[in-house]
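First the structure, which I've put down as structure tokens, then a few questions once you've had a look.
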Amino acid sequence: MAKSAQEIVDLLVGFNASAPGSMDDILKDALQTLEMLWSSDQQAEVKDIAEKIADAARTDKWRIPIGETGVLDFLLDKVPDQGTGDSVVQTLRVIGNACVDCDENRDRVVASKKLLYLVSLLKEDNLIKFVVPAVFNVCVSCIPAQNQAYEAGFSTNIIDIIDSPRLEPVRGILGLMLKGLELLEASKNTTHSIRELPGAAVRLLNFITARESTLSLEEFTDCCTSLLAFLSYDEVQEALIREDKLHLLLNLLRCHLSRPVPPSDYYDEYFDAELIDEIRDQRSANYNTFAEIIANIALRPDAFTKYGPRTIVFDTLVNKWLRDFSQPQLQIVACLFIGNLACSDDHSVALAKEQPVLNGLADLVVQGVSLLGVSPTPSPGNIRPTSEPLQAVYQALSCLKNLSIPADNKRYVAATERLLESFLPKYWTAAALNQGVLPVALSLTRCLLTKCPENVEKIISPREDGKTIFQVFMEIWDVIEGRRAEWASDVVIAKNDVYRTVCAVFNVLFEPEDQDTKGNAYSFDVRVRFLQDHPKAAPFLGWMLEECKNDIMRAEVLFALHNMCKAAIKRPSALEHPAVRRTIATATLRALSSSPMTLVALADCIFGEGEGARLVESLARDEPIGHVPSNPDPEEVLLSDEDASLRLKRSSRELQIVISAWIVARIIVDRFPLLVDNIPQRDIFEGLVRLGGPKVRQC
């Protein structure tokens, strides 16, 4: 016989785990009583029992029995018939509490297909604060439930509530509503449609912008987090551009950064240390997401048209944020946006013509010298920089690098605030203080010098102190080597840019030119002066060939040496004095024969890694050469037209043979026989040509 409603309530309230009987027995009795009460339409008693079951479900030990005994299935089945009164409120509480950390019960709710009805109850104002937690608890970690809730219109209903007067009575669960949105919208592994996302995101953005001043710090942070979850979708970013709302997003970021956060030890009836730390962590994550989304928008095909020069967004970023030294976080976002706008040569050239862009970026780099404590003669008590100014300078240098890629921009960027002559050298010499900025400063230097004679001329011309900027640049190598253990991976990046910058200078100076042009006579003088002012530069090329293990780097060194050889063997002309060719030839030979390991590296380019040492040793001793790999690997031949790395190796091999042949045939024998006595490796060069020729022909 079924127990009365009061008996069931008393059993649930007074349950003792150590007493006779079990939860299963009590719940089975409760189910029997619920069925009896339902059949006799005693809704008040059904509500009383459901309330006590919901209270019990707060404890995890009750949740699985509530599902296994059929109580949850019974209430799910009857929920559409309970109306919108107190009875359905308690049923919603049972559903929500029973699904906390309980996948079995979540699966039961999904199987019942009642989520559609539960979401529809959001239209009832008195049920919002019960439906939201119930649906949220069902959807946590349950993708099928997320799909059902989304298709039922949960997100749309939540946005409707937030963006209306209906929010005020349920303001206390705004954070939970936003978490529900994030759960459904930011879950990339769901299969639901995203057709409604753009409109919902724009409405949420409008709401936050309009209500920003009335939202608490926690509410505002939660709203921004949810909005950013929406904005991770391409479709939403497209809608943001289409409806011209990016300026609102920028304003929102500014407000996000300007909101003060209490210190960690602050305490009142609302804040405690744990909540403050949680908000601080979330704000930091939000800023990173804001920056990423805004930077990504700048990469979109129509971004330059929408947000290029003479637009509200461009004016905000360039004329306000970029120059706001009190907000380095805003400067970082401005640099990221401008750098991404310059994603094509045409756009980059157009941006470089906007003087506020170059001036703003250059000012940030100039100010960075003092902000980051990188002045060669820092004032007493100079304080090391915080990470945010450091990142702002880093991003400004990166942005200038992007703008320096087109040939038309290089001299303008270098000339702005005399960056190349006055300020970049200060970043090179400050490597010990600021290794994080050094790699990008070196990379910008390389970009400014590549194929730009005007900028190369600036760095190789003596200053008032008699030194050249390039001499200062070469000194950075000792600093990098001295910090090898401390800097770890940064060393590789910095060294590679030093390699490539040196090669860029040599390639500009020794690039083949038309001998009949007047400009070529000037280049002869520059070459001689360069080699005389920088006696270590040419041997450094040879040392680079030994050190470089990267095929691309090695190919760049070989190309520079190739151009030097061509300059050394030019036919005499009225514009070229023999001493010029002798200077170049001597420097080239020093570069290639200053160390046995350089010759080993050259041989490796021809015969493959590891073969060079054995061949050079045999040639130096004038010993018979044993087996030499004369046939390329069959796979190398097969892939030579498809694999870029193999093509690069072949090109390096050919360059090396040409260099060696010119040295033997033109520099040593034909032109400068007096140098032969100073080249004990002549036999080695001849051997490389003799043995390497067939190798090149066969590949």
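The values are calculated or read from the model by the stated rules, or taken from the named source; none is laboratory data. Predicted, not measured: the structure shown is a model, and the values here were computed from it. So basically every Cβ, Gly included, is an ideal-geometry build from the backbone, and we count neighbours across all protein chains shown. Surface accessibility is based on the protein's heavy atoms, side chains included, excluding ligands, DNA and RNA. Shrake-Rupley method; radii C 1.70, N 1.55, O 1.52, S 1.80 Å.
Heavy-atom accessible area per residue, segment 1-121, 1.4 Å probe: how many Å²?
The answer is 46 Å² per residue.
Using a 1.4 Å probe, how large is the accessible area of F559, given in Å² and rounded to the nearest 10?
90
Can you compute 3J(HN,Hα) from phi for each residue in segment 30-35, using the Karplus curve 6.51 cos²θ - 1.76 cosθ + 1.60 with θ = phi - 60°, rounded to whole Hz and x for Gly and Pro?
Couplings: 4, 5, 4, 5, 4, 5 Hz.
Spelling out what I want: for every residue of segment 105-120, take phi, set θ = phi - 60°, compute 6.51 cos²θ - 1.76 cosθ + 1.60 (Karplus), and round to whole Hz; glycine and proline get x.
Couplings: 6, 4, 4, 5, 5, 4, 5, 6, 6, 9, 4, 4, 6, 4, 5, 5 Hz.
Compute the length gained on full extension between V140 and A273: take 0.36 nm times their separation in residues and subtract their Cα-Cα distance, giving the result in nm to one decimal.
Gain in length upon complete extension: 45.2 nm.
Given the pairs K353/K451; K179/K306; K451/K566, which span a C-alpha to C-alpha distance of over 26 angstrom in this model?
K179/K306
Using a simple spin-label model with points 7 Å from Cα along the Cα→Cβ vector, what separation in nm is obtained for I64 and N206?
Calculated label separation equals 4.9 nm.
Counting only other residues whose beta carbon sits under 13 Å from that of E104, what net charge do I get with K and R as +1, D and E as -1?
-3
Viscosity 1.002 mPa s, temperature 20 °C: what is the translational diffusion coefficient of segment 1-147 from Stokes-Einstein with a Kirkwood Rh over Cα pairs, rounded to a whole number of µm²/s?
Numbers: Rh = 15.2 Å.
Value of D from the Cα-based Kirkwood radius: 141 µm²/s.
If the limit is 22 Å between Cα atoms, which of K410/K536; K3/K78; K3/K52 go over it? Mind dumping the intermediate values first?
Values: K410/K536 27 Å; K3/K78 20 Å; K3/K52 15 Å.
Exceeds cut-off: K410/K536.
Also: Under 5 Å between amide H atoms, partner at least 5 residues away or on a different chain: which partners does T468 have, H built in plane at 1.01 Å?
R463
Now, a different point. What number comes out for the charge environment of D125, summing +1 per Lys or Arg and -1 per Asp or Glu over other residues with Cβ under 11 Å away?
Every neighbour counted, the sum reads +1.
What is the percent carbon and sulfur in the accessible area of segment 122-177, measuring with a 1.4 Å probe over the protein chains and ignoring ligands?
57
When only C-alpha pairs under 8 Å and at least 6 residues apart count, what is the relative contact order of segment 48-150, in percent?
29 percent.
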